[in-house]
Amino acid sequence: MPDINVLALCGSLRRGSYNHIVMDALPALAPTGMTITSAPPIGDLPLYNFDHQQEEGFPSGAVALAEAIRATDGVIIVTPEYNYSVPGVLKNAIDWVSRMPNQPFQNKPVALQSASVGVLGGARAQYHLRQIMVFLEAHVFNRPEVFVTMAKSKIDEEKRALTDEPTREVIRTQLTAFSSFIAKVGGGGPA
C-alpha cells in the first residue's frame, strides 16, 4: 500500500486543550505508511461574511487550510463539544473553505475524534460534524468511533500526553481502519 498522508485539524484554541493533546498523539499511533501532520492554524480567520469574501477575497489562512486539505489523502478532525455542537472556530473554518472553488472536502475521507471531561466524550459535536460533512460530500469514516470520555483522567496535562493505554489502542484501531478506508474510497478532491 502506498504511503498515506493525513491532515489533523483541531477544533479547540485552548492552550491546554485535551483535543489538541489527543491530536498531537496521533502520529505515534498511526500505522506504518501513514503520516499525520497538523493543519494550519484556524484561530485568526475572520468570521465568515460573504461581503468580506466578495470585497477582499479569501483570507490567507483559509486558502492555506484549503490547500492543505486538498494536498492530503484524508482528514482527521479532533474537536471538543461546545453547547451540544461544533465549536464556532471550527465551523467558521469549514464555512470559509466550503465556499472556495474546488471545495476541498468534496470526496475527501474524513475521520472524527473528540475528547471531553464528560461521559459522552463529545458525541453530539461529532454527529453535527457528520451532518456538515454530508453536505460537503466528504466520505465520513464510520467505525470505530473515538470518543475520549473523562479526558482529564486519561491525559497527563503537565506532559501534554495521552496516557490511557485502552484509549490509545482504540485510536490505533481507528487509524488502521481509516488507512484501509482511504485506500478503498480514495483521497482525491472534486472530480
**Asked** What residue, among those in the range 105-153 that are among the basic types (Lys, Arg) and farther than 16 Å from PRO166 by Cα, is surrounded by the most Cβ atoms within 10 Å (Cβ to Cβ)?
**Response** LYS108
**Fill in**
All-but-one check, GLN106 against (1) touching an Asp or Glu at 6+ places or on another chain (Cβ under 7 Å); (2) part of a helix (DSSP H, G or I); (3) over 23 Å from HIS20 (Cα atoms), failing number (2)
**Fill in**
All-but-one check, ARG124 against (1) farther than 30 Å from GLU56 by Cβ; (2) without any contact (Cβ under 8 Å) to a residue 24 or more places away in the chain; (3) assigned to a helix (DSSP H, G or I); (4) of a type outside the set (Phe, Trp, Tyr), failing number (2)
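Condition check ((1) farther than 24 Å from ASP3 by Cβ; (2) outside any helix (DSSP H, G or I); (3) of a type outside the set (Asp, Glu); (4) in contact with a helix residue (DSSP H, G or I) (Cβ under 8 Å, 6 or more places away or on another chain)) across all residues:
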| residue | (1), (2), (3), (4) |
| --- | --- |
| GLN131 | yes, no, yes, no |
| GLU137 | yes, yes, no, no |
| THR173 | no, no, yes, no |
| ALA177 | no, no, yes, no |
**Asked** Given the range 37-99, what helices (runs of 4 or more DSSP H) lie entirely inside it while holding 1 or more residues that are surrounded by 16 or more Cβ atoms within 10 Å (Cβ to Cβ) and touching a helix residue (DSSP H, G or I) at 6+ places or on another chain (Cβ under 7 Å)?
**Response** 60-70, 88-98
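Where a number appears in this text, it was derived from the coordinates with a stated rule and is not lab data. Only a predicted model underlies this, so the values are computations on that prediction, with no experimental measurement involved. Cβ coordinates were reconstructed from backbone atoms using ideal geometry, including for glycine residues, and neighbour counts include every protein chain displayed.
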